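Taking it in order: structure first as structure tokens, then the write-up.
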Amino acid sequence: MSSHIDDPITLVAVGDLSLGDSPKMIGRGVRHSTQQNGAALFNLSQAALKGDIVFGNLEGVLSDYGFESGSFSKAQLRGRPSLGAVLRQVGFNFLSVANNHMMQYGLTPFVQTCELLSQNGINIVGKRGEGGWQCAPVKVEIRSKTVGLLGYATSDNYGHIPAYALLVPDRVLDDVRRLSHLVDFIVISLHWGDEFVHSPSPLQRIFARELVDAGVNVVLGHHPHVVQEIEAYGNGTVCYSLGNFVSDMVWHRRAQEGLLVSLHLLKPIVGVVELYKVNIDELFQPQLKVISIPELTAYVADDVNFCKNVQSYQKLVSMRVTQNCRLGYGYIMLNFYKYNLLVLSKIVGSAALGLFNSFWGRTIRFLKFL
């Protein structure tokens, strides 16, 4: 299809691409399923991955550096390097590497992944910046218009110095204001918020609106693993969480969901033109169904209505994290016979340690209260 210079720039964005086996699915998850044909993951969604910019959040490295098959600590969330070519083949041309799991195994796999993506013609968003930039901006010219892309993540939790851009609000706003003088449109990816909650926090709402006021046209949210609302604010659109696009979190139905959103980058207002609900099937393939923004708003309304202030939001976060733990370990108990025995023992040991730490933390807080 030919494009005219006056045609709007189309941005297609999806949620997290978790292309390795998650901790509870070592040897049975996404990486395992891509052993023969990685492109099969996208058989049901490839037709929708068409746009000038096709964007996703790469939730983990594509590197075998230090990988050990069947190892609980060295096989988690590591996609096959062969998937670099697959991602470009199915349509992705921009990926964010600003998330905690990209540094889970240190700098070398991060660098290898970035090199792999670049070799396959995929633009990398979210690398740590230089020369006063918190994030290295990515600029692309499309039909005489320039789009700038930025990506940030909250702090790393694996003990490494992040090679991606950290989400420091004042520094992010500085980047946006600086970039706004150089481009026509700004798209920003934020790995933020809390897992399994269908509502952004009150502070996230404030910051998202500050970003739009500073010049951002589209905010793309990642990390919660569940969908959140899409908000039209000012001249921009805020997608608070796009959920998951490829994932093996099979124990949690709502973590096997996401959004695929298509937007037109137009002045004065950037808006949604198509929206799909993503349902990830038992083969970890995203299946798409058209959904309206009012339907999405209704779907997440219970959590949004619950989170009236910071205290109620934190209470819901605690409830949802506990729920996910129960669902996850319930799934393992029902399917224990499908696991490698050594991996199963590591999963159970990790769960026991987590429960002990949680109990000990509550005990200390209780004693301090006394």
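Brief remarks on what is shown
Okay, residues lined up against (1) touching a strand residue (DSSP E or B) at 6+ places or on another chain (Cβ under 7 Å); (2) buried (at least 16 other Cβ atoms within 10 Å of the Cβ); (3) not in a loop (DSSP other than H, G, I, E, B):
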site: S73; (1), (2), (3): no, no, no
site: L95; (1), (2), (3): yes, yes, yes
site: M102; (1), (2), (3): yes, yes, yes
site: T108; (1), (2), (3): no, no, yes
site: V111; (1), (2), (3): no, no, yes
site: E141; (1), (2), (3): no, no, yes
site: Y152; (1), (2), (3): yes, yes, yes
site: G159; (1), (2), (3): no, no, no
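- Within the stretch 113-139, considering residues that are out of contact with any Asp or Glu (no Cβ under 9 Å at 6 or more places or on another chain) and part of a loop (DSSP other than H, G, I, E, B), the one surrounded by the most Cβ atoms within 10 Å (Cβ to Cβ): G126
- Scanning the stretch 282-310 for residues that are in contact with a His (Cβ under 8 Å, 6 or more places away or on another chain), within 20 Å of V219 (Cα to Cα) and part of a helix (DSSP H, G or I) returns a single hit, V304.
- Selection from the stretch 23-48 of residues that are touching a helix residue (DSSP H, G or I) at 6+ places or on another chain (Cβ under 6 Å), crowded, with 21+ Cβ neighbours inside 10 Å and not aromatic (F, W, Y): K24, I26, G38
- If the condition is being assigned to a loop (DSSP other than H, G, I, E, B) and in contact with an Asp or Glu (Cβ under 8 Å, 6 or more places away or on another chain), then the stretch 45-70 contributes only E59.
- Residues satisfying the stated conditions in the stretch 282-318, i.e. closer than 28 Å to M25 by Cα, exposed (fewer than 14 other Cβ atoms within 10 Å of the Cβ) and hydrophobic (A, V, I, L, M, F, W, C): L283
- Selection of first residues in the stretch 151-168 that are within 19 Å of I124 (Cβ to Cβ) and of second residues that are assigned to a loop (DSSP other than H, G, I, E, B) and of a type in the set (S, T, N, Q), restricted to Cβ pairs under 6 Å at least 6 apart or on distinct chains, gives the following pairs, ordered by first then second residue: A153/N99; A165/Q134; L167/T154.
Results for (1) in contact with a Gly (Cβ under 6 Å, 6 or more places away or on another chain); (2) closer than 28 Å to Q323 by Cα; (3) at pLDDT 95 or above, shown as yes or no for each residue.
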residue	(1), (2), (3)
G126	yes, no, yes
K139	yes, no, yes
L149	no, no, yes
T154	no, yes, no
G159	no, yes, no
S180	yes, no, yes
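- Number of residues in the stretch 204-220 that are closer than 16 Å to V304 by Cα and not hydrophobic (A, V, I, L, M, F, W, C): the value is 2.
- Test for L87: is it in the same structural domain as I186 (by TED's automatic domain parsing) and touching a strand residue (DSSP E or B) at 6+ places or on another chain (Cβ under 6 Å): no
- Candidates are the residues of the stretch 6-44 that are touching a Ser or Thr at 6+ places or on another chain (Cβ under 6 Å) and in a loop (DSSP other than H, G, I, E, B); the one that is nearest to Q256 (Cα to Cα) is S18.
The values are calculated or read from the model by the stated rules, or taken from the named source; none is laboratory data. It should be emphasised that the depicted structure is a prediction, and the values quoted were computed from it without experimental measurement. Using ideal geometry, Cβ is built from the backbone for each residue, glycine included, and neighbour counts are taken over all protein chains shown.
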